[in-house]
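Engineer: Sharing a structure here in structure tokens format.
Just so you know, all these numbers are worked out from the coordinates, no wet-lab data involved. Note that this is a predicted model, so its numbers are computed, not measured.
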Amino acid sequence: MRKPIIAGNWKMYKSLGDAVETVLALKPLVANANHCEVVIAPVFTAIKTVADRLEGSNIHIAGQDCSTEVEEGAHTGEVAAFMLKDVGAKYVIIGHSERRQFYAETDSMVSRKTQAAIKSGLSVIMCVGESLAQREQGIAENVVSGQLGGGLNGLTASDLDRIIVAYEPVWAIGTGRTATPEQAQEMHAFIRRVFAERHSSGAAEKLRILYGGSVKPDNIAGLMSQGDIDGALVGGASLKADSFAQIVNYRS
Ligand code: PGA
């Protein structure tokens, strides 16, 4: 059985005070959520404080990115994966479409960051997804399998336990336009097949594949009813404790 993950990606939102206020409100609302792992990804500067305030709770922390470099060194502006771990992160999101689109992140950078994160003891939420133009051209699967192949390059079989894939069609992120549960399921099943061919059917069976793109309290249950959807990466609707808690508690 794959334990679902519901992760909130806070992007570049919230001062430290707002982040603390939100997690303190969230904590009791998700305290009984044993059916899934709950994760939030605050900005770097809030991670330590938020992690301290969440100690002993069932909410885990993710970074939103990390350096390609494993070791500390002269890399101005970068944050190493081990530094995220050091301040309480368990996960890191890598290759989010906003990083690919606006910060020129390539598959080879995604691969280096992923390897750095795994070496540092973090688990990786690796994002993949096609643009609207790519979907309309009928090349969505090629794009996604290319991103997967590039990002997973160089990993060993034991590293795969630390990989979670998030399928986030770019046309659904922040647009209010969600993929239908069937559209998402189709791509998730495809991702699992690619993973099985590339690695092994055992690894593919264990792989958790999250859906992201305008996930809301009113569409989460439909998405989660699909066999290959193992959770969600939630942007806008994770910013408020009550809407994120409703998504986490989609079964009740
Ligand atoms: P959204 O963002 O839920 O606001 O569409 C999802 C994401 O970017 O991870």
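Engineer: So which of 119/240; 14/206; 3/27 end up more than 30 Å apart, counting from Cα to Cα?
Structural biologist: Table pairs above 30 Å Cα-Cα are 119/240; 14/206.
Engineer: For the chain, what does -39500 (n - 2.57) per DSSP helix run (n ≥ 4), summed and divided by total residues, give at 222 nm, in deg cm²/dmol to the nearest 500?
Structural biologist: -12000 deg cm²/dmol
Engineer: Starting from the exponent 0.38 and prefactor 2.2 Å, build the expected Rg for segment 55-102 from its residue count and divide its actual Cα Rg by it.
Structural biologist: For segment 55-102, the normalised Cα radius of gyration is 1.27.
Engineer: Specify the residue with the greatest mean-square fluctuation among 97, 15, 67, computed from a Gaussian network of the chain linking alpha-carbon atoms under 10 Å apart.
Structural biologist: Among 97, 15, 67, the largest mean-square fluctuation in the Gaussian network model of the chain belongs to 15.
Engineer: Please give the direction-averaged projected area of the C-alpha convex hull for segment 172-252, in square nanometres with one decimal.
Structural biologist: 5.3
Engineer: Using alpha carbons only, how many angstrom separate the centre of segment 170-227 from the centre of segment 40-79?
Structural biologist: Rounded to whole Å, the Cα centres lie 26 Å apart.
Engineer: Then there's this: Sticking to Cα atoms, compute the Rg of segment 75-124 to one decimal and its Dmax as the biggest Cα-Cα distance, whole number, in Å.
Structural biologist: Rg then Dmax for segment 75-124, in Å: 10.9, 29.
Engineer: Sticking with this one: Could you compute how fast segment 1-47 diffuses translationally, taking Rh as the Kirkwood radius over C-alpha pairs and applying Stokes-Einstein at 25 °C with viscosity 0.890 mPa s? Give it in µm² per second.
Structural biologist: Values: Rh = 11.7 Å.
Calculated translational D: 210 µm²/s.
Engineer: With θ taken as phi - 60° and the coefficients 6.51, -1.76 and 1.60, list the Karplus ³J(HN,Hα) couplings across segment 136-152 in order, rounded to whole Hz; mark glycine and proline as x.
Structural biologist: 5, 7, x, 10, 4, 5, 4, 4, 5, 5, x, 5, 5, x, x, x, 8
Engineer: Expressed in whole Å with the largest first, what are the equivalent ellipsoid semi-axes of the chain derived from the C-alpha gyration tensor as the square root of 5 times each eigenvalue?
Structural biologist: Three semi-axes, in Å: 25, 23, 17.
Engineer: When the chain is fully extended, how far beyond the present Cα-Cα distance does residue 157 get from residue 52, taking 0.36 nm per residue of separation?
Structural biologist: So the chain would gain 34.5 nm between residue 157 and residue 52.
Engineer: I've got another one for you. Give me the Debye-computed log₁₀ of I(q)/I(0) at q = 0.16, 0.19, 0.21, 0.24 Å⁻¹ for segment 106-176, equal point scatterers on Cα only, no solvent, two decimals.
Structural biologist: Ignoring solvent entirely, the Cα scatterers give -0.58, -0.76, -0.87, -1.02.
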